[in-house]
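This report refers to the structure that appears directly beneath it.
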């Protein structure tokens, strides 16, 4: 049975040029398949846009029974068994697999760092002059690579669902002469920019409006979301300067000691969150990012059950538009807003083979390369900085961020939003109005 669909039933701000036909016959395979585009030209065009070869992107989905007709043209098939996945029939595009099934985003729990087993130990107790060079060295060892970092970041870190949507859009573009962007933003904007900050220590709250990173964003008229540990929050008054200037405050654990996702620390940290003003209904939606991006299904399950104000996370670098996290086999209520532009210190640690005098310029090149690709496909442009003297507030990195904001502000048709505003738009929250 073929049903007509424009994917509006998914409840997402996406648009196809015209409806497609979706097969809903008997399931013949529920497996992981590698989609193969039959046209070399189409395959090359798709890889140029996404930076991803279709055969290298496995999809977990259901494939249906489908009787091919002599005049059918198989556009995409499964590499493993040649089952038709996308077919063109009499000018119509037919999808022969379960599109919603590809939305499932499962993730493995992070491995607990050895130093977190030391009682009372907090990584920030190590003096910065020792901790930061050691951390940079360790990360650079694991990140050493050959080739252009800027070229690497021109590739898109797609989720399975995003891959499918781009694939459909590309097929429609060729067979139906459709070339519009698939993701839709308020007032017809081409992409959205979101600035995110990790406050690891108390220095930022002491500097307040005098903080150099804060002042750079004020200069460029950027409103952003600042993730702060509850251990640094003495109450709402501590961040009133942020809220009054149009910024948002989110959760960054309790003491930034890297124990957050693991039992029994997750329970203790979530209790601290629930007792803070961040969990109050008037602050809905509250977002978070985990320290060191350490994650666990247990932590997110706990947050979903016991802290209803916590509705979005920003701890993943997979994906280019928001999506819901899947926890232990089910879709959660926590929306992921992925980090899509490489963090300054993250790129720096991948430039071990580049002369130090060129590293800062290379960071900006990598960030702009990824941003251009994201704008090209109409995605979320989200970047993370750290208002810490040994991180983003080093003079060279402050200058890079200033230049980056100057670049993004010069780009036409960009929607500048906070993470909370993006959450409300993407989920259709009644509070949000496109204006």
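For residues that are crowded, with 18+ Cβ neighbours inside 10 Å and without any contact (Cβ under 8 Å) to a residue 60 or more places away in the chain, scanning just region 342-358, find the one that is nearest to residue 192 (Cα to Cα). Here the answer is 343.
Would you pick out the residues in region 17-34 that are within 19 Å of residue 2 (Cβ to Cβ) and surrounded by 14 or more Cβ atoms within 10 Å (Cβ to Cβ)?
Across region 17-34, the qualifying residues are 17, 19, 20, 21, 22, 23, 28, 29.
For residue 179, the stated conditions hold: it is modelled with pLDDT under 90, loosely packed, with under 15 Cβ neighbours inside 10 Å and either out of contact with any strand residue (DSSP E or B) (no Cβ under 7 Å at 6 or more places or on another chain) or outside the structural domain of residue 392 (by TED's automatic domain parsing) (or both). Within region 193-219, restricting attention to residues that are more than 19 Å from residue 255 (Cα to Cα) and touching a helix residue (DSSP H, G or I) at 6+ places or on another chain (Cβ under 6 Å), which residue is surrounded by the fewest Cβ atoms within 10 Å (Cβ to Cβ)? Filtering region 193-219 for residues that are more than 19 Å from residue 255 (Cα to Cα) and touching a helix residue (DSSP H, G or I) at 6+ places or on another chain (Cβ under 6 Å), the one surrounded by the fewest Cβ atoms within 10 Å (Cβ to Cβ) comes out as 209. Candidates 37, 49: the one that is buried (at least 19 other Cβ atoms within 10 Å of the Cβ), under 30 Å from the mean Cα position of the chain (by Cα) and within 30 Å of residue 185 (Cα to Cα) is 37. Residue under question is residue 324, and the condition is that it be in contact (Cβ under 8 Å) with a residue 12 or more places away in the chain and in contact with a helix residue (DSSP H, G or I) (Cβ under 6 Å, 6 or more places away or on another chain); does it hold? So residue 324 fails the test. Contact map, region 298-309: residues that are in contact (Cβ under 8 Å) with a residue 60 or more places away in the chain paired with residues that are in a helix (DSSP H, G or I) and crowded, with 16+ Cβ neighbours inside 10 Å, Cβ distance under 9 Å, separation 6+ or inter-chain. Pairs shown: 298/266.
When every residue of region 369-390 is checked against the conditions, at least one turns out to be over 22 Å from residue 48 (Cα atoms), touching a strand residue (DSSP E or B) at 6+ places or on another chain (Cβ under 9 Å) and at pLDDT below 95.
Restricting attention to region 362-372, which residues are crowded, with 20+ Cβ neighbours inside 10 Å and out of contact with any helix residue (DSSP H, G or I) (no Cβ under 6 Å at 6 or more places or on another chain)? Result: 370, 371. Inspect region 270-287 for any residue being assigned to a loop (DSSP other than H, G, I, E, B), within 18 Å of residue 384 (Cβ to Cβ), touching a residue at least 60 places away in the same chain (Cβ under 8 Å) and touching a strand residue (DSSP E or B) at 6+ places or on another chain (Cβ under 6 Å) and give the result as yes or no. So far as region 270-287 goes, no, none of its residues is assigned to a loop (DSSP other than H, G, I, E, B), within 18 Å of residue 384 (Cβ to Cβ), touching a residue at least 60 places away in the same chain (Cβ under 8 Å) and touching a strand residue (DSSP E or B) at 6+ places or on another chain (Cβ under 6 Å).
Residues of region 396-426 that are surrounded by fewer than 19 Cβ atoms within 10 Å (Cβ to Cβ) and without any contact (Cβ under 8 Å) to a residue 12 or more places away in the chain: 410 alone. Are any of the residues in region 340-354 assigned to a strand (DSSP E or B) and under 30 Å from residue 184 (Cβ atoms)? No - not one qualifying residue is present in region 340-354. Against the numbered list (1) surrounded by 23 or more Cβ atoms within 10 Å (Cβ to Cβ); (2) not in a loop (DSSP other than H, G, I, E, B), residue 320 comes up short only at (2). Determine if region 297-306 includes at least one residue that is touching a strand residue (DSSP E or B) at 6+ places or on another chain (Cβ under 9 Å), surrounded by fewer than 18 Cβ atoms within 10 Å (Cβ to Cβ), in the same structural domain as residue 373 (by TED's automatic domain parsing) and not in a helix (DSSP H, G or I). No, because not a single residue in region 297-306 is touching a strand residue (DSSP E or B) at 6+ places or on another chain (Cβ under 9 Å), surrounded by fewer than 18 Cβ atoms within 10 Å (Cβ to Cβ), in the same structural domain as residue 373 (by TED's automatic domain parsing) and not in a helix (DSSP H, G or I). Filtering region 240-252 to residues that are in contact with a strand residue (DSSP E or B) (Cβ under 9 Å, 6 or more places away or on another chain) and not in a helix (DSSP H, G or I) leaves 247, 248, 249, 250, 251, 252. For the structure I just gave you, tell me whether residue 276 is over 26 Å from residue 408 (Cβ atoms) and buried (at least 16 other Cβ atoms within 10 Å of the Cβ). Judged against the criteria, residue 276 is a match.
Of 292, 237, 255, all but one fail to be modelled with pLDDT under 95, assigned by TED's automatic domain parsing to the domain that holds residue 192 and not in a helix (DSSP H, G or I); the exception is 255.
Can you find a residue that is in a helix (DSSP H, G or I), within 23 Å of residue 367 (Cα to Cα), out of contact with any strand residue (DSSP E or B) (no Cβ under 8 Å at 6 or more places or on another chain) and without any contact (Cβ under 8 Å) to a residue 60 or more places away in the chain anywhere in region 205-217?
yes
Is it the case that residue 401 is at pLDDT 95 or above, under 20 Å from the mean Cα position of the chain (by Cα) and farther than 24 Å from residue 285 by Cα? Answer is yes for this residue.
The values are calculated or read from the model by the stated rules, or taken from the named source; none is laboratory data. On a predicted model such as this, the values are computed, not experimentally measured, just so you know. Glycine gets a Cβ as well: all are built from the backbone with ideal geometry, and neighbour counts include every protein chain shown.
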